[in-house]
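Structure record follows, encoded as structure tokens.
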Amino acid sequence: MPSCHLLRRLHVVAVLGLVAALSGCAANPQETYVEGRRALVQADYIVAREAYQRYLSGETEPYEQARAMYELSRLLYLGLGGEKRQQEAAHWLGRVADRVDAADRREALHLLAEMYRHGEGVTLDPGKAMTLLQASGYSRALADLTMMYWVGDGVPQDKGRAARVAAEISDYGDAGQLFRHRAFADYCREDTRAIVPERGCVDDEGLEIQGIADQIWRVKPPETDLQRLDYLARLYPAVVDGGFEARANWYRYAADIGNARAQFHLARIYNAPTSPWHDPDKAWGWLETAARQGDAKAQLAMGVELAVAGHAGENHYDEALDWLRRAADQGEPEARLWLARMYMNPPDGQPKLVLRAVEQLERIAPDDDRARHGLADIYLSGMPGLADESSLRAVKLLEGMASGGDAEAAYKLGAVYVRGVEGVAPSLVDAVRWLQRAADQGHLRAGLLLARVLDRDGRADSAARARELFVGMPGSDIPSDLKSLVSQARYRQALYLVGQPDAAAQTDRILQLLELAAEEQNLAALAFLGLLYDRGELVARDAGRAYQYLGQWDVLYEKRLNLAKEDGSVWSELEFERRHGNAEALDALIRLRIQRLSEE
């Protein structure tokens, strides 16, 4: 058996050998290159940049060296993994451009041309940029060069040269390739797009324009060099520059050719109130033309327009249904939502087509929360013709959405358990659970209902915690139909705080809630504030403020009482007086009035 001393020596030797092996790996240029490539793929730009810089400082393989130079230059140019160092980027790009066999040479030439064209890291030199673009030779670089000659960008305008360069482009029938800027394309992702120059990435509308261009090219491509140049001169600024005029002019060009999708977009431009081209009559004309040519979005827009108001201010129900059905048949889910809405809200004198509405919503429900909400609402309505288990189906739909974080679904589910429906018994536990989940997500209706449910159950502390989620909301953030309920909740929260042992310490909060409710013309809050200042409870006694609040309460009380009388029912008047009458407030107001008269 070996001695302990020998074992320790063997252990030390093994460790030293491992360290030496690891050191050798770290110093291996090939491993450093792979480290940079791996980091780049994983978007770890700091590591990638540092690894490429280490790799290029030693002995390297020619192919991998050019690749590392190109990748490092892009990181330096964009400022990924560190600060922008465009002068250094230009140095590495120049090294790649000098390697005629480098796989990334054309991309490097194009990016270097961009830098000379815009004076980024190098001296502004349009002539040098044009030479580099010509040498790069791929479609986007040639398109850039064509447009420089066409508009005279940094050089004398020369449409003859523009035509000759345009004739060299091979990707007219594939706009995605035509406008793909290879030097930037890898970084046109959501996480890095913001740092790429706008000319380097195509936005969503630009992609739509490219799709229209491909449609045009498939149907009737320009035949001569001059026609291709005219086509490119219209298309390029619409995709690359992205200004309103450029895109509007492209849509008009494509619409005149007969492209239905372009006609739809042109209709939207004419229809937009803020558009310099605003013209509702032209908008309607182009929309109808596109719809009749079969554009699904135009058909949807026609149906919606007719359903909501109609072109002539009338409700063309049957015509709207026809256009919506056409759009739905082409796979427009929005059209099915509108069809369901129309089936459930027919013109006066026509029956609701409940089952047809259900059919439309069920077609898109697997992929559309709005459809699932619509189905749940219909299933819970109890309308004739629905299956016996409709309520249970509604609960299942709502549970699925609520479990996924849908606050509106959680609110509806809580409301179901508050009152119970056929096949679903009321459950306070389930109601509170779902309403709390919705309220915690800021759902105001859920918070209001939760507080009311807890109050009714005698859980005052829990109800107060529920109200605290929303009683401080600014009035401007509250929907008009909920203002009265929120105002009442503010008042109830103030009452709760007044009844707490630390009410004196909560005075500012109590007054804030009461004043918010008073501003919203809450009768109870006005009366309570007046009485607080009259009695000097929680606040210093102030007859002036007491008189102010009680006077506002009295005027508002009389106004609302008169409204209650207008329906001619004595019960309305009695019920109003029962709910809003306040003998203490009235007595205090009379006393203050007498006091003010005696002082005069």
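Listed residues Ala27, Ala20; which is farther than 27 Å from Asp191 by Cα, modelled with pLDDT under 95, in contact with a Gly (Cβ under 9 Å, 6 or more places away or on another chain) and surrounded by fewer than 16 Cβ atoms within 10 Å (Cβ to Cβ)? Within the list Ala27, Ala20, the selection yields Ala27.
Let's see how each residue does on (1) within 26 Å of Val416 (Cβ to Cβ); (2) in a helix (DSSP H, G or I); (3) of a type in the set (S, T, N, Q); (4) open to solvent by 50 Å² or more (accessible area, probe 1.4 Å):
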| site | (1), (2), (3), (4) |
| --- | --- |
| Trp434 | yes, yes, no, no |
| Arg437 | yes, yes, no, yes |
| Asp461 | yes, yes, no, yes |
| Arg465 | yes, yes, no, yes |
| Ala489 | yes, yes, no, no |
| Ile510 | no, yes, no, no |
| Ala525 | no, yes, no, no |
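Please tell me if Glu223 is part of a loop (DSSP other than H, G, I, E, B) and charged (D, E, K, R). The answer is yes for Glu223. Among the conditions (1) farther than 30 Å from Thr507 by Cβ; (2) free of Cβ contacts under 8 Å to residues at least 12 places away in the same chain, the only one that Ala564 does not satisfy is (2). Going through the range 185-208 one residue at a time, which ones are more than 22 Å from Glu114 (Cβ to Cβ) and either among the aromatic types (Phe, Trp, Tyr) or assigned to a helix (DSSP H, G or I) (or both)? Once the filter is applied, which keeps residues that are more than 22 Å from Glu114 (Cβ to Cβ) and either among the aromatic types (Phe, Trp, Tyr) or assigned to a helix (DSSP H, G or I) (or both), the range 185-208 yields Asp204, Glu205, Glu208.
One residue stands out among those in the range 154-176 that are assigned to a helix (DSSP H, G or I) and open to solvent by 40 Å² or more (accessible area, probe 1.4 Å): the one that is farthest from Gln134 (Cα to Cα), which is Lys159.
All of Val416, Val471 fail the test of being touching a residue at least 40 places away in the same chain (Cβ under 8 Å) and either open to solvent by less than 70 Å² (accessible area, probe 1.4 Å) or not aliphatic (A, V, I, L, M) (or both), apart from Val471. Hey, does the range 204-221 have a residue that's under 30 Å from Trp92 (Cα atoms) and either buried (at least 20 other Cβ atoms within 10 Å of the Cβ) or out of contact with any Leu (no Cβ under 7 Å at 6 or more places or on another chain) (or both)? No: zero hits. Looking at the range 106-130 only, could you name the residues that are touching a Ser or Thr at 6+ places or on another chain (Cβ under 6 Å) and closer than 15 Å to His91 by Cβ? If the condition is that a residue be touching a Ser or Thr at 6+ places or on another chain (Cβ under 6 Å) and closer than 15 Å to His91 by Cβ, then Leu109 is the only one that fits. Evaluation of Gly530 against the conditions (1) within 37 Å of the chain's Cα centre (by Cα); (2) open to solvent by less than 10 Å² (accessible area, probe 1.4 Å); (3) not hydrophobic (A, V, I, L, M, F, W, C) shows that the sole unmet condition is (1).
Residues in the range 127-153 that are within 19 Å of Pro197 (Cα to Cα) and open to solvent by 30 Å² or more (accessible area, probe 1.4 Å): Asp153 alone. The residue pairs whose first member lies in the range 359-388 and is of a type in the set (Phe, Trp, Tyr), whose second member is open to solvent by less than 50 Å² (accessible area, probe 1.4 Å), and whose beta carbons are closer than 7 Å, counting only pairs six or more residues apart or on different chains, are Tyr379/Leu386; Tyr379/Ser390; Tyr379/Ser391; Tyr379/Ala394. Can we say Gly200 is in contact with a His (Cβ under 7 Å, 6 or more places away or on another chain) and closer than 23 Å to Gly243 by Cα? For Gly200, the condition - in contact with a His (Cβ under 7 Å, 6 or more places away or on another chain) and closer than 23 Å to Gly243 by Cα - is met. Just one of the numbered conditions (1) open to solvent by 40 Å² or more (accessible area, probe 1.4 Å); (2) over 22 Å from Pro426 (Cβ atoms) is not true of Leu375: (1). A count restricted to the range 333-347 and to residues that are under 12 Å from Leu361 (Cα atoms) and open to solvent by 20 Å² or more (accessible area, probe 1.4 Å) stands at 6.
The values are calculated or read from the model by the stated rules, or taken from the named source; none is laboratory data. Remember, it's a predicted structure, so these values are computed and weren't measured experimentally. Heads up, the Cβs are rebuilt from the backbone with ideal geometry, glycines too, and the neighbour counts pull from every protein chain shown. Note: accessible area is taken over every heavy atom of the protein model, side chains too, but ligands, DNA and RNA are not part of it. Shrake-Rupley method; radii C 1.70, N 1.55, O 1.52, S 1.80 Å.
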